[in-house]
Every structure is written in structure tokens, then in C-alpha cells.
Amino acid sequence: MIDFVQVEKRFGPQTVLDGVSFRINAGERVGVTGPNGAGKSTIFMLLTGEAETDSGEVVFPKGLRIGHLRQQLNPHRVGETLLEYAENSIPELKTIPERIREYEATLPSLSGPERKRVLRQVGELEHRFEGFGGYEMRSRAEAALSGLGFPTTAFERPFAEFSGGWQMRAELARTVISNPDLLLLDEPSNYLDLPSVEWLRKYVRNFEGTLMLISHDRYLLRSLCDVTLEVAGGRATRYAGGYDYYLEEREARRRHQEAARRNRDREIERIESFVRRFRAKSTKASQVQSRLKRLEKMERVAAPALSASAARLRVAPPPHCGHEIVRLENAGISYDGVRWVWRGVDLRIEKGEKIAVVGYNGMGKTTLLRTLAGALPPSEGRRTLGHKVVVGYQSQEFAETMPPDKSVFHVVKESAATASDAEVRTLLGGFGFSGDAVEKRCEILSGGEKIRLAFARLFIRPPNFLLLDEPTTHLDVAGREALEAALADYAGTLCVVSHDVEFVRHVAGRILAVGAEGVERFLGGYDYYREKTEERERAGSPASPVVETNAMPAGVVGAAKGKEARKARARRREAEKGLREIETQIDRLSEEQGTLTEEMLSDRSADFAGINLRLGEIRDEIRTLEARWEALAEGLE
């Protein structure tokens, strides 16, 4: 049982938690929700001892084992492989075998009661090791890593070699398999793709301890939590039900509070009216004084907080275009001409379709989106854009391309120099930026404001083919719902990559699944896609891809084997040379990136738009080079 008793926590002048009290009972599964910056992560920090209360206390059982996944990566030990990092989730599991060996080494020299005492201690340690799951830890780590999208070939790679997003996945595996008494998950789906979100949901459903989950992912909140804790306005309100119960109960509380406020205001107005009318009459003096005393004792009922909502995104109607939006014919993408992200893809997207692209990270979802948008030409085959199709493409890095010191107005104005100031201001008003808000600098915008600004930048010249790569990242629930509503009303064609199940359910009527076998189209939404893939899993058959693998017949393979053997050494030398050349190019680009960043920070008169454009190009070039490097390196292995 965990108790927060009148807890106050301030960061500088800001009071984050103001007299917060609530209880979490053992075994409960609690969804912690509320707007960004409200104090949800602060509650976790108070539980783990990373922060202390300014007043009040946090009470929980002594010896409570806590597993905590933070939004930011923990410091990690250099030198461990991926599998070692994941399985070393309980430090005691490393020390127990050492102590057992020490005790066993003394046994030959012991006899009588002393020998029995040491044997008893060895038995207790073995029992403790088994209780922690020490004998199954490696297999649990392997299963968790596989479920989160790591191939088995990656298990022995050094942990430090992985990117930040993949390290966060390993941290998630490490946290959940430690089987703690209290599992704290802070936005666990931020770095996950849809298959990994599904794996996490299934794994955590079987967790037997106490769960506290901070998430803006409504799918996880609905499927994992039976209690909801809303943190907002310095307060924490406990709701004895899951996410849907919380939404209904919160609205009912808001209505009741509003009714109570109106009743109290009417009563106060009636008393004040009596006082005004009879203050000057001596015969009513005692009654006036009585009512004044009553007024002094009456507490004003605060106006209820508005239901969580974000500024509505008013998307302009798309311009007219032909029935066919884009067509890929026998298209393929390869960064090195040897290894293919995917190939042989024949795909046709028609006017009005709303499609979600799903699959594990690294399978080519973003690559497919960039190819459809025309940002990345096919390595083979062709892409054909339809008649009068206007593309609006938003990458994952949309926020990074906004100059921090530029205003909201200037960001949109620079995207359409021919638009009048009045046009820009009218458009921004439709995206929730009115009055002085158009002068806000990008560096102080919230996640929701940045997504609205990104859309305003896209829609200053309305597209009819909208492609969005992970648009919900870092948006709170209200922001996601506002974006969903806008895209549901959007009359154009949509193609989106997202890891948010509820978002995909609401906006997409078609699914494109990108996997190792290729690209497959499902003529239904997310639930239809899951139903079909689960049927195949039960039947033991893989998803049938749109593309066919261009495998050689067995006889050709046998004939070619000797020839390939003779060329193997030459290919290896060529690959090693290619690796060195790529590393040189990456070093040069990284140096240029650092120089440009320093120029932005130190020179107020710098050309921020031009610098940001070049920084975006550098990031794309480095990403392409890194993919080529990985492909060559894997080929060498």
C-alpha cells in the first residue's frame, strides 16, 4: 500500500503538487493521466527517491522493489552486450552466485554444526535466487527483446552501439522482466512501433505486482488499468475505474461542480441584493448585519476546470485532383545497391483513402512514406504522381526544423512568401493562434502547439495528399484527440505512420503492413488487420506480402556457389573500403552540423531558415549513410 499524505512539491516558483493525497493499494493497476507538465513524472520521482517532498510525506512498505522506466534513458554500463544489459536487471542476481561459490569453497574444511549452518545459508541463497527468477532471467530477457523487435542476431552486439530509441526498448525489456513489486512505466510507448505496443500490452497484463502507468496512449490505458489517477492543476484525483469510467465520471463531477457554483452564486447575489436594498433602513439593520456575517462565512465555489481539450484544428478543404493519387510500379529502395529495404512493390493509392502504415521499426515504414511523398526516389521501378496532386509531407523531425527564435507568424509566412499577412493571421487563427499568440517564439511552444504550427505551415497552401510520420509523438491526450478530429474531417487523401493504436483506429480505413517479407495491403482498419494477422499466427502461416521475394531456384544457387566463393574475398575488400569511405563522409557531415549549430547559437544575424534547411539535409544524408554502413557491416558479418 502506498500513501501520499498532503504532499507539496515546488520547482522554483512553480507549485507542481499542492497538498496531494491519494492511496494506491497493493496489486492495483493505475493509469496516471493529465496534461503535460502537470506533475505525473514528479510523483514517480518521489516514489523512487529521486526527489523529496517540500512538505507532507510518501509512505510505502520497507523493502519495496521498484522497477522504473523513465522517459529519458538511464546511464548504462559500457562494455555489456544487449542481452547482458537486459538480463542484469536485478543486481542481486549477480552477487548471489558469487556468495554461493564462496560458501561452497569453505565446505570441505567444515564439519558438524558449522557445516550445517553454511549449507542452510547456501539453501537460503538458492531459494532467494529462484524467487527472483534467476534461472529463467536469460530466457525472459531473450523473449522480451524479441517481442520488442530486436532480432536474435543483435543480442551479442554491444549495448552502446544502439541508437537512443533502441536503447530505450532495451531499458523497457530490462525493467519489465525484473518482476518488481511496483512497476512504474513513464510513457513506455514513445519509442515503440505498433507490434511492440501489442507485445507490451500482453506482457504487462500478466504482471502480478502493482502497476502505475503514465501514458497518453489511450489503448494502453484502456487495456491495462482499472484505476485512474488524474494529475492536473496541482491536484491528484483518484477515480475507482478504468479510462472510460474516468472520462464519464470526470465530466459528471464537472457538471455537479458547475451546478454547485451556480447555486452558491445565486445565493450570494440574493443576499447581496437584500443588503443593498435595506442597508439604509434602521428597522432592517439587525437583519442586514446577520446577512453580512453569513456572507463572510460563505465560501465561493471555484469554477470547475474545463474538460481537457485542445484548440481545434480547422483544416482547409483540399484542392481538386484526379482519382489516382500516386502509383508505385515494381518499386524498390536500396541504400547500397545490395541489400533492399523492400523491392518489387506495386501500390496504388486512390483519392479519399486514409491509410496507416504499420510494422516494426527498421522495416521501412518511414522509407515508404518518403518514397510516396517524393522525398526519396525509388532505387528501381517508378513512382507516378496523379493529376493535380499537391503533396503535404511532415517528417518526424518537424519540430527540429523550426528556428527557435522565430515567431509562429514568421514560420508560416516563410513557407508561403506570396501569402498576405492577413491570410497568414487568418490561417493561424484557425489553428488556435490568435492575437498575441502569433508572436510566440518556437522555442517556448508546447508539443501540441508545435503540431498545430506544423499543420498551419502545411496548410498555408492546402495539400490534397497528406503524409504524416509519427504526428502524435509528445502530444497529450487532448492534442491527439484534436488531431484525430481534424484528420477525420479532412476530405483529402491521408497516409500516416503512427504507433498510437487508438489514433490509427480513428483515422485509418486501410492498413499497409511493412515487414521482412515486403509490403501488404489490408482492405480494412486496424481491428481488421489484427484479426487477420492473429488468424495467420494461429494457423502458423506468415503474412503474404504484396511483393514476392526474388529468390533464385535451387539449381541456380548450386551452380553459382563456386563462382560466389571466388568473388567473396574481393567483395569483402570492396565492402571494407566502402565502410571507410562512409565513415569519412559521416565525420565530415557531423563536423559541418556542429559548425552550423554553433553559428545558430552564437550569431543572432545568422540565416536561420537557410541553416535549418541545410541541417535537415545533413540529418537525411547522415541517416542514409548510416543505413548503408549498417547494411555493409551486416553483410561482412
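The values are calculated or read from the model by the stated rules, or taken from the named source; none is laboratory data. Here the structure is a predicted model, which is why all the values come from computation and not from measurement. Because the Cβ atoms are built from the backbone with ideal geometry, glycine has one as well, and the counts that use them run over all protein chains shown.
For region 470-488, how many residues meet the condition of being within 16 Å of Ala456 (Cα to Cα) and acidic (Asp, Glu)?
1
Within the group Gly56, Gly31, which residue is on the phi > 0 side of the Ramachandran plot and outside any loop (DSSP other than H, G, I, E, B)?
Numbers: Gly31 fails: on the phi > 0 side of the Ramachandran plot.
So the residue among Gly56, Gly31 that is on the phi > 0 side of the Ramachandran plot and outside any loop (DSSP other than H, G, I, E, B) is Gly56.
Of all residues in region 603-637 being within 27 Å of Ala417 (Cα to Cα) and at pLDDT below 70, which is farthest from the chain's Cα centre (by Cα)? Quick ask: steps written out before the conclusion?
As a first pass, look at region 603-637 and keep what is within 27 Å of Ala417 (Cα to Cα): 603-620.
Right, trim to at pLDDT below 70 and you get 603-606, 608-609.
Details: Asp603: 34, Arg604: 33, Ser605: 35, Ala606: 33, Phe608: 29, Ala609: 28 Å.
Restricting to residues being within 27 Å of Ala417 (Cα to Cα) and at pLDDT below 70, the top hit is Ser605.
Suppose we keep only residues that are charged (D, E, K, R) and over 24 Å from Leu194 (Cβ atoms) within region 227-249. Which one would you say is surrounded by the most Cβ atoms within 10 Å (Cβ to Cβ)? Reasoning before the result, please.
Our first condition is that a residue be charged (D, E, K, R); within region 227-249, this holds for 230, 235, 238, 244, 248-249.
Add one more test, that the residue is over 24 Å from Leu194 (Cβ atoms), and what stays is 230, 235, 238, 248-249.
On the way: Glu230: 22, Arg235: 17, Arg238: 14, Glu248: 11, Glu249: 16.
Applying the filter and picking the extreme gives Glu230.
List the helices (runs of 4 or more DSSP H) inside region 319-437, counting only whole elements, that have at least 2 residues being among the basic types (Lys, Arg) and in the same structural domain as Leu466 (by TED's automatic domain parsing).
Numbers: elements: 365-373, 408-415, 421-430.
In region 319-437, 365-373 are the helices (runs of 4 or more DSSP H) which contain 2 or more residues that are among the basic types (Lys, Arg) and in the same structural domain as Leu466 (by TED's automatic domain parsing).
Could you check region 452-464 and list, in sequence order, the residues that are in contact with a strand residue (DSSP E or B) (Cβ under 9 Å, 6 or more places away or on another chain) and surrounded by 20 or more Cβ atoms within 10 Å (Cβ to Cβ)?
Looking only at region 452-464, we keep the residues that are in contact with a strand residue (DSSP E or B) (Cβ under 9 Å, 6 or more places away or on another chain), and these are 454-455, 457-459, 461-464.
Selection gives Ala454, Phe455, Arg457, Leu458, Phe459, Pro463, Asn464.
Residue-wise test of (1) over 26 Å from Phe4 (Cβ atoms); (2) in contact with a Phe, Trp or Tyr (Cβ under 8 Å, 6 or more places away or on another chain).
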position: Leu220; (1), (2): no, no
position: Gly234; (1), (2): no, no
position: Tyr246; (1), (2): no, yes
position: Ala252; (1), (2): no, no
position: Asp265; (1), (2): yes, no
position: Ile271; (1), (2): yes, no
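Among (1) in a helix (DSSP H, G or I); (2) free of Cβ contacts under 8 Å to residues at least 60 places away in the same chain, which single condition is Ala454 missing?
With (1) in a helix (DSSP H, G or I); (2) free of Cβ contacts under 8 Å to residues at least 60 places away in the same chain applied to Ala454, the lone miss is (2).
Take Pro319 and decide whether it is without any contact (Cβ under 8 Å) to a residue 12 or more places away in the chain, surrounded by fewer than 20 Cβ atoms within 10 Å (Cβ to Cβ) and more than 20 Å from Asp193 (Cβ to Cβ). Can you show your working first?
Details: without any contact (Cβ under 8 Å) to a residue 12 or more places away in the chain: no; surrounded by fewer than 20 Cβ atoms within 10 Å (Cβ to Cβ): yes; more than 20 Å from Asp193 (Cβ to Cβ): yes.
So Pro319 fails the test.
Of all residues being surrounded by fewer than 19 Cβ atoms within 10 Å (Cβ to Cβ) and modelled with pLDDT under 90 in region 365-403, which is nearest to Pro195 (Cα to Cα)? Just the residue, please.
So, considering only residues that are surrounded by fewer than 19 Cβ atoms within 10 Å (Cβ to Cβ) and modelled with pLDDT under 90, the one nearest to Pro195 (Cα to Cα) is Gln396.
Please list, ordered by first then second residue, the pairs with beta carbon atoms under 9 Å, 6 or more apart or interchain, first in region 160-189 and at positive phi, second surrounded by fewer than 23 Cβ atoms within 10 Å (Cβ to Cβ) and assigned to a helix (DSSP H, G or I).
Within 9 Å, the pairs are Asn179/Arg140; Glu187/Ser41.
Check off (1) farther than 21 Å from Leu372 by Cα; (2) touching a Ser or Thr at 6+ places or on another chain (Cβ under 8 Å) for Gly518 and give me the number that stays unchecked.
(1)
Using beta carbons and a limit of 9 Å, which pairs, at least six apart or on different chains, have the first residue in region 66-82 and at positive phi and modelled with pLDDT of 65 or more and the second one surrounded by 14 or more Cβ atoms within 10 Å (Cβ to Cβ) and of a type in the set (Phe, Trp, Tyr)?
Qualifying pairs under 9 Å: Gly79/Phe159.
Hey, does region 263-270 have a residue that's surrounded by fewer than 13 Cβ atoms within 10 Å (Cβ to Cβ) and over 53 Å from the mean Cα position of the chain (by Cα)? If you could, list the steps in order and put the result at the bottom.
Taking region 263-270 as the starting set, the residues that turn out to be surrounded by fewer than 13 Cβ atoms within 10 Å (Cβ to Cβ) are 263, 266, 269-270.
Filter once more, keeping what is over 53 Å from the mean Cα position of the chain (by Cα): none.
No, because not a single residue in region 263-270 is surrounded by fewer than 13 Cβ atoms within 10 Å (Cβ to Cβ) and over 53 Å from the mean Cα position of the chain (by Cα).
Taking the residues in region 130-176 that are farther than 30 Å from Ala105 by Cβ and polar (S, T, N, Q) as candidates, determine which candidate is surrounded by the most Cβ atoms within 10 Å (Cβ to Cβ).
First, pick out the residues of region 130-176 that are farther than 30 Å from Ala105 by Cβ: 142-176.
This time we only want the ones that are polar (S, T, N, Q), so: 146, 152-153, 163, 167, 175.
Numbers: Ser146: 15, Thr152: 10, Thr153: 9, Ser163: 12, Gln167: 19, Thr175: 22.
So, considering only residues that are farther than 30 Å from Ala105 by Cβ and polar (S, T, N, Q), the one surrounded by the most Cβ atoms within 10 Å (Cβ to Cβ) is Thr175.
Considering each of Arg101, Arg174 in turn, give the residue that is under 40 Å from the mean Cα position of the chain (by Cα) and either assigned to a helix (DSSP H, G or I) or more than 30 Å from Pro35 (Cα to Cα) (or both).
Working: Arg101 fails: under 40 Å from the mean Cα position of the chain (by Cα).
Sole residue among the options that is under 40 Å from the mean Cα position of the chain (by Cα) and either assigned to a helix (DSSP H, G or I) or more than 30 Å from Pro35 (Cα to Cα) (or both): Arg174.
Output the number of the condition that His127 fails; it satisfies all remaining conditions of (1) surrounded by fewer than 16 Cβ atoms within 10 Å (Cβ to Cβ); (2) closer than 19 Å to Glu84 by Cβ.
The failed condition is (2).
Need at least 1 residues that are out of contact with any helix residue (DSSP H, G or I) (no Cβ under 8 Å at 6 or more places or on another chain) and surrounded by fewer than 23 Cβ atoms within 10 Å (Cβ to Cβ) per element, so show me which strands (runs of 3 or more DSSP E) inside region 465-545 make the cut, counting only ones lying wholly within it. Talk me through it step by step, then tell me what you get.
Working: elements: 465-469, 493-497, 510-515, 518-522.
Fully inside region 465-545 and qualifying: 510-515, 518-522.
Could we say that Gly19 is in contact with a strand residue (DSSP E or B) (Cβ under 7 Å, 6 or more places away or on another chain) and not β-branched (Val, Ile, Thr) here? Walk me through it before giving the result.
Working: in contact with a strand residue (DSSP E or B) (Cβ under 7 Å, 6 or more places away or on another chain): yes; not β-branched (Val, Ile, Thr): yes.
Yes: the conditions hold for Gly19.
Does Gly63 fit the bill of being free of Cβ contacts under 8 Å to residues at least 40 places away in the same chain and farther than 20 Å from Val477 by Cβ? Write out each step before concluding.
On the way: free of Cβ contacts under 8 Å to residues at least 40 places away in the same chain: yes; farther than 20 Å from Val477 by Cβ: yes.
So Gly63 passes the test.
When region 270-305 is examined, which residues are found to be modelled with pLDDT under 80 and closer than 24 Å to His256 by Cβ?
Arg294, Leu295, Lys297, Met298, Glu299, Arg300, Val301, Ala302, Ala303, Pro304, Ala305, listed by residue number.
Considering only region 142-171, state which residues are assigned to a helix (DSSP H, G or I), at pLDDT 85 or above and over 16 Å from Asp186 (Cα atoms).
Glu142, Ala143, Ala144, Leu145, Ser146, Gly147, Thr152, Thr153, Ala154, Phe159
Any residue in region 122-141 that is at pLDDT below 85, in contact with a helix residue (DSSP H, G or I) (Cβ under 9 Å, 6 or more places away or on another chain), small (Gly, Ala, Ser) and part of a helix (DSSP H, G or I)?
So far as region 122-141 goes, yes, one or more of its residues are at pLDDT below 85, in contact with a helix residue (DSSP H, G or I) (Cβ under 9 Å, 6 or more places away or on another chain), small (Gly, Ala, Ser) and part of a helix (DSSP H, G or I).
In this structure, does Leu213 turn out to be touching a Pro at 6+ places or on another chain (Cβ under 7 Å) and touching a residue at least 24 places away in the same chain (Cβ under 8 Å)?
On the way: touching a Pro at 6+ places or on another chain (Cβ under 7 Å): no; touching a residue at least 24 places away in the same chain (Cβ under 8 Å): yes.
Against the criterion (touching a Pro at 6+ places or on another chain (Cβ under 7 Å) and touching a residue at least 24 places away in the same chain (Cβ under 8 Å)), Leu213 does not qualify.
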